Amino acid sequence: MSVKGVITVIKNSRWYSADMTVFSCFACFLYALGHDGNVLNGIIAFIGILFAHMATNLFDDYSDYNVMLKNPRAVEFVPDVKCDYLRNNKSSINDLIFVIIFYCLIAMLAGLVLLFTAGKFVFWLGLAGGLIVLSYPLFSRVGLSEVAVGLAFGPLLFEGMYYVMTKEFSLGILLLGLAIVMFTIGVMYVHTLLDYESDKISDKRTLALRFNNKDFAMNFYWFIYSLGYIFLLVFVFVEKRPVCLAAFLTLPFVFALYKSISAYSSPENYSRDKSYLTVLKGAAKLMALFTFLISVGLFISLFKI
């Protein structure tokens, strides 16, 4: 293990994906403030969730890298950016494991603080979150990574953060979480579409591969994002917050993202295409924009501007 290797792992924790955590927590934070939520508890919860997210990213790298070590054929189809810091020996597996443990400890420390400030139920919320983080590679290997993300970044994140801020649960926050998490799941699903060929070669089970038909898998993209808009409509109806409908302005970007995925995935273009990260980051930015526009609506409702 080396200091330089550890720093490299930290830099490669895919911090660009933190938008998903930042904007999800921000939307939840604003909603909880409207119900007299505890600001300090909300900030502590955000820190814990953020580092749990980064730990999950690195768990995924650990799993993927082990697959590549066991199946050299998979490397032929894996984009150059995937686990490049490990493949180029800039960091070791020990460096990676150290950073994962470090991130998990920060998340656990945040959970311990909230345990004393928000009550014993935080223990069960933290336990559920920890099990999902630690089991993420397993979920991924059996094609249930989207389920894991849906649980962790949907009901668990939103109800959990709302609880530590208000010591209550809420139907409204559940609906809000379901709307936003579909765009988070969308990021994960786009990832599996981009990795379709390499995952197929390495026998990795993903939701996209379970359809056993790439055209069908591509069309399922629309189902995921449609659910996000449907849950948003239900949230707006139940909570009477029509200004949150501004999030529908993201529709053109959903179409643009699909076009980018289709271009990347076409046989004539697929071969270590350098647009891999561009498309993946585009999915993350789409989720961030969707959640930001909802947050603007929540902010307006909060202060009744």
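Quick notes
- Condition met for ASP80 (more than 26 Å from SER24 (Cβ to Cβ) and either modelled with pLDDT under 70 or part of a loop (DSSP other than H, G, I, E, B) (or both)): yes
- Long-range neighbours under 8 Å by Cβ, at least six apart or interchain, first residue closer than 19 Å to CYS25 by Cβ within the stretch 277-304, second in a helix (DSSP H, G or I) and charged (D, E, K, R): ALA284/ASP19; LYS285/ASP19; MET287/ASP19; ALA288/ASP19
- Selection within the stretch 140-150 - surrounded by 18 or more Cβ atoms within 10 Å (Cβ to Cβ) and modelled with pLDDT of 70 or more: LEU144, SER145, GLU146, ALA148, VAL149, GLY150
- Of the residues making up the stretch 1-29, not one is over 15 Å from the mean Cα position of the chain (by Cα) and among the acidic types (Asp, Glu).
Condition check ((1) within 17 Å of MET287 (Cα to Cα); (2) touching a residue at least 60 places away in the same chain (Cβ under 8 Å); (3) crowded, with 17+ Cβ neighbours inside 10 Å; (4) of a type in the set (Ser, Thr, Tyr)) across all residues:
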position	(1), (2), (3), (4)
PHE183	yes, yes, yes, no
ASN219	no, no, no, no
GLU239	no, yes, yes, no
LEU245	yes, no, no, no
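- From SER17, SER63, residue being surrounded by fewer than 20 Cβ atoms within 10 Å (Cβ to Cβ), out of contact with any Asp or Glu (no Cβ under 8 Å at 6 or more places or on another chain) and at pLDDT below 85: SER63
- Identity of the residue in the stretch 91-130, under 22 Å from LEU151 (Cβ atoms), β-branched (Val, Ile, Thr) and modelled with pLDDT of 85 or more, that ends up surrounded by the fewest Cβ atoms within 10 Å (Cβ to Cβ): ILE106
- When GLU168, GLU159 are screened for being modelled with pLDDT of 80 or more, closer than 30 Å to LEU251 by Cβ and of a type in the set (Asp, Glu), only GLU159 passes.
- Among the residues listed as LEU245, LEU178, the single one being assigned to a helix (DSSP H, G or I), within 14 Å of the chain's Cα centre (by Cα) and not acidic (Asp, Glu): LEU178
- Cβ-Cβ under 8 Å pairs, at least 6 apart or on other chains, the stretch 99-110 side farther than 15 Å from LEU131 by Cα, far side of a type outside the set (A, V, I, L, M): VAL99/SER13; ILE106/GLY48; ILE106/PHE51; LEU109/GLY48; ALA110/GLY48; ALA110/PHE51
- Of PHE158, PHE169, PHE220, all but one fail to be within 16 Å of LEU298 (Cα to Cα), in contact with a helix residue (DSSP H, G or I) (Cβ under 9 Å, 6 or more places away or on another chain) and not charged (D, E, K, R); the exception is PHE158.
The values are calculated or read from the model by the stated rules, or taken from the named source; none is laboratory data. Just so it is clear, the model here is predicted, and its values are computed rather than measured. In this analysis, Cβ positions are derived from the backbone assuming ideal geometry, glycine residues included, and neighbour counts consider all displayed protein chains.
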